[in-house]
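The values are calculated or read from the model by the stated rules, or taken from the named source; none is laboratory data. Keep in mind that this is a model prediction, so the values were computed, not measured. Neighbour counts are summed over all protein chains in view; Cβ atoms, including those assigned to glycine, are modelled from backbone coordinates with ideal geometry.
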């Protein structure tokens, strides 16, 4: 699903109006009726007090239309117009007149106005600012936001939480409305998925307001939200006359004394993701633990007992995952540097491999094209330098990706895979994944997919999705706090099966 920016959304609106020969107020009516239907279905006439805070632009116009429909259906509604500007949109004025015709008289709030007492049991609809907000909000309007937030009432925001900007961070965490639930129009917005802005909304849902489907399908976008529908076309089924060699041979290089478990989890991730063969290259201290814990794994060792000093193997792997648990000591840096200069095999680099690259940036020139890098936030910062906010981070990551022709997997609550100018925002995963080893598993999963012949970008995007989905399935059994990385591995098979759950259920319904 495409994620549109402000310009693209306005273009979609304009195209729809011209293509469908409707007016802007008609489109506003359709949008607000969808919000009304959503509320009416859930409230079913309940007489809870509803406060609708409207701005004087089109977001406020949506709120006025909603108020009219709620009143006409017998709901208790108080409308407050936050009068932050002398200019009013045409659609706002049209719907203000229609509301007055329905005998509803809004309360206009100015700089010296007293904000109504907002009881905790009320429902507050936030329709003050939409996606067009570009400049700082007046201090007295910020006080309106703070009063809404302090009320602890259920806050339903329209399109985006008021006070958020579409392309930069809110200065302070109390300078935007914090939504209990967000109803957004047609397409998701990038701000839903970034740490700096995502904290202002708990849950969100898209409403179809009838924007032109041809435009939505064919218009380019810088970001895409990745769900089951997006990754299912990537899936490569296994065929009957194949063997383990068909699905590639992964080599996992890493480990050091006390950190052999990282290699074990990456290796398991590769094999459970479907790689035909997996070999680990580790210091000698890793031989017995790995062979004992994972009999399906083949193991090669360095001559050194506790760390990697010379990466030497006697076969040709399909893909190599390197860096997990490897350390950043002098010997590891030398071994890693020499390996990169001689290597031509596709790579997935994580953990200490990334830290070594960050300290020795000249090594980036030795990476094969489309090498996959999987940094957590601190590792990313070491490579890119500090960023001002999440938007700046994404700009820097795109520039970095283009400069080094690499795919960067920015791990986080909504992992974003970046290649060139395009970003892929993952929809799976949960807070239980904030546990040691989950990143090692992801390295293994992506490496295992590459071994099977998936295109590099597909492997990264699909691997992130499967990794998160496996964790989502696992928490049904163990909850957030008790989830560990090996639980993610154990549920990778179910994540694969889950790709076809809807299809299986549909087939069973047809047969019934």
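Would you mind telling me which numbered condition in (1) surrounded by 19 or more Cβ atoms within 10 Å (Cβ to Cβ); (2) closer than 28 Å to residue 219 by Cβ residue 395 fails?
(1)
Hey, could you check the range 250-263 for residues that are assigned to a helix (DSSP H, G or I) and out of contact with any helix residue (DSSP H, G or I) (no Cβ under 6 Å at 6 or more places or on another chain) and say which is nearest to residue 308 (Cα to Cα)?
263
Of the residues 264, 216, which single one is under 29 Å from the mean Cα position of the chain (by Cα) and farther than 23 Å from residue 461 by Cβ?
None of the others qualify; the one that does is 264.
Listed here are the residues, each with its yes/no results for (1) over 35 Å from the mean Cα position of the chain (by Cα); (2) free of Cβ contacts under 8 Å to residues at least 12 places away in the same chain.
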| site | (1), (2) |
| --- | --- |
| 16 | no, no |
| 22 | no, yes |
| 30 | no, no |
| 35 | no, no |
| 57 | no, no |
| 73 | yes, no |
| 87 | yes, no |
| 108 | yes, no |
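Being closer than 21 Å to residue 278 by Cβ and more than 19 Å from the chain's Cα centre (by Cα) is the filter here, so list the residues in the range 449-486 that pass it.
449, 450, 451, 452, 453, 454, 455, 456, 484, 485, 486
Of all residues in the range 405-441, which are surrounded by fewer than 19 Cβ atoms within 10 Å (Cβ to Cβ) and assigned to a helix (DSSP H, G or I)?
431, the sole residue that qualifies.
Of the residues that sit in the range 249-258 and are over 13 Å from residue 302 (Cβ atoms) and surrounded by fewer than 23 Cβ atoms within 10 Å (Cβ to Cβ), which one is nearest to the chain's Cα centre (by Cα)?
249
Assigned by TED's automatic domain parsing to the domain that holds residue 89, modelled with pLDDT under 95 and either over 20 Å from residue 5 (Cβ atoms) or out of contact with any strand residue (DSSP E or B) (no Cβ under 9 Å at 6 or more places or on another chain) (or both): does that describe residue 151?
No.
Looking at the range 135-154, can you tell me whether even one residue there is surrounded by 14 or more Cβ atoms within 10 Å (Cβ to Cβ), without any contact (Cβ under 8 Å) to a residue 60 or more places away in the chain and under 25 Å from residue 210 (Cβ atoms)?
Checking the range 135-154: not a single residue is surrounded by 14 or more Cβ atoms within 10 Å (Cβ to Cβ), without any contact (Cβ under 8 Å) to a residue 60 or more places away in the chain and under 25 Å from residue 210 (Cβ atoms).
Any idea which residue in the range 38-64 is surrounded by the most Cβ atoms within 10 Å (Cβ to Cβ), counting only those that are out of contact with any strand residue (DSSP E or B) (no Cβ under 9 Å at 6 or more places or on another chain) and not in a loop (DSSP other than H, G, I, E, B)?
Looking at residues that are out of contact with any strand residue (DSSP E or B) (no Cβ under 9 Å at 6 or more places or on another chain) and not in a loop (DSSP other than H, G, I, E, B), I get 58.
Does residue 489 satisfy the condition of being over 17 Å from the mean Cα position of the chain (by Cα), buried (at least 23 other Cβ atoms within 10 Å of the Cβ) and in a helix (DSSP H, G or I)?
In short, yes.
Go through (1) more than 20 Å from residue 248 (Cβ to Cβ); (2) free of Cβ contacts under 8 Å to residues at least 60 places away in the same chain and name the single condition residue 424 misses.
Just one mismatch for residue 424, condition (2).
Give, as residue ranges, the helices (runs of 4 or more DSSP H) completely inside the range 155-248 that count at least 2 residues that are loosely packed, with under 14 Cβ neighbours inside 10 Å.
Counting at least 2 such residues, we get 213-218.
How many residues are in a loop (DSSP other than H, G, I, E, B), under 22 Å from residue 465 (Cβ atoms) and out of contact with any strand residue (DSSP E or B) (no Cβ under 6 Å at 6 or more places or on another chain) if we restrict to the range 267-308?
Number of matching residues: 2.
Does residue 395 fit the bill of being assigned to a strand (DSSP E or B) and either in the same structural domain as residue 265 (by TED's automatic domain parsing) or touching a strand residue (DSSP E or B) at 6+ places or on another chain (Cβ under 6 Å) (or both)?
When the stated conditions are applied, residue 395 does not pass them.
Has the range 118-129 got at least one residue that is without any contact (Cβ under 8 Å) to a residue 60 or more places away in the chain and closer than 25 Å to residue 85 by Cα?
No - not one qualifying residue is present in the range 118-129.
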